[in-house]
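Trainee: Questions regarding the structure given below will be posed in turn.
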Amino acid sequence: LIMNTSVATEYPNTPQKMVASVKLYFPDYALQFHLVVDASKSGIGGYLHQLRESIEEPLVFISLAFSAVQSRWAVEEQEAFAVYFGVMHSAWILRGVHFIIHTDHKNLTYIREHASAKVMRWNLRLQEFDFEIDRIKGTTNITDGFSRAHDVDAFEALDPQQGDLSLALVPEML
């Protein structure tokens, strides 16, 4: 980006936005890894982060739009796929370390006991990973926005003032 007078005139806040944008960090294997995932009818979202002195350091952001077939899956299967896809997408970091998966879908705490053949196949792939599943409140799950980013109507309806935390991360980018 070459900052000249025409760019400065057209985009006056560009330097501030570039500096204030979300930064990705390198993994520190001495710290605990946290994978937060969510699914909606239109897709999945998540992010992998670590806590350093109570500050979240994001490592990977994940978002995927569902195909027409995937959007018709049962909610449990969509949420389980969010876990599966999030882990596999971040496998290069998570393989060989213990990590915590945070989800707002209570049934996923029993993912290893699910009866669906599809979810059981995903479980077989996930057995090589060392993780535990923690349930979080839906109102604190900031990945909700990532999972709904592919549903324009739902995404535009989110309001950070009403507790929709998913837009609070990037208010200037919207």
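The values are calculated or read from the model by the stated rules, or taken from the named source; none is laboratory data. All figures in this text were calculated on a predicted structure; none of them were measured in a lab. FYI the Cβ positions are ideal-geometry reconstructions off the backbone, even for glycines, and counts take in every protein chain you see. Just so you know, the surface numbers come from the protein's heavy atoms only, side chains and all, with ligands and any DNA or RNA stripped out. Shrake-Rupley method; radii C 1.70, N 1.55, O 1.52, S 1.80 Å.
Trainee: Could you tell me how many of the residues in region 72-93 are closer than 13 Å to L35 by Cβ and among the small types (G, A, S)?
Mentor: Within region 72-93, residues that are closer than 13 Å to L35 by Cβ and among the small types (G, A, S) number 4.
Trainee: Residue by residue through region 21-76, note down the ones that are more than 21 Å from A91 (Cβ to Cβ), touching a residue at least 40 places away in the same chain (Cβ under 8 Å) and open to solvent by 80 Å² or more (accessible area, probe 1.4 Å).
Mentor: Listed by number, the list holds a single entry, K41.
Trainee: Can you name the condition, by its number, that G96 falls short on among (1) under 18 Å from I136 (Cβ atoms); (2) loosely packed, with under 13 Cβ neighbours inside 10 Å?
Mentor: (1) is the only condition that G96 fails.
Trainee: Continuing with the same structure: Could you check how many residues of region 97-154 are under 25 Å from L51 (Cα atoms), modelled with pLDDT of 85 or more and part of a helix (DSSP H, G or I)?
Mentor: Count: 1.
Trainee: Now for a different question. Cβ-Cβ under 8 Å, sequence separation 6+ or interchain: first residue in region 78-104 and under 20 Å from S40 (Cβ atoms), partner among the polar types (S, T, N, Q) and part of a strand (DSSP E or B). Which pairs?
Mentor: Qualifying pairs under 8 Å: E79/T103; A82/T103; V83/T103.
Trainee: Moving on. Looking at (1) at pLDDT 90 or above; (2) of a type in the set (S, T, Y); (3) touching an Asp or Glu at 6+ places or on another chain (Cβ under 9 Å), can you tell me which one Y84 breaks?
Mentor: Condition not satisfied by Y84: (3).
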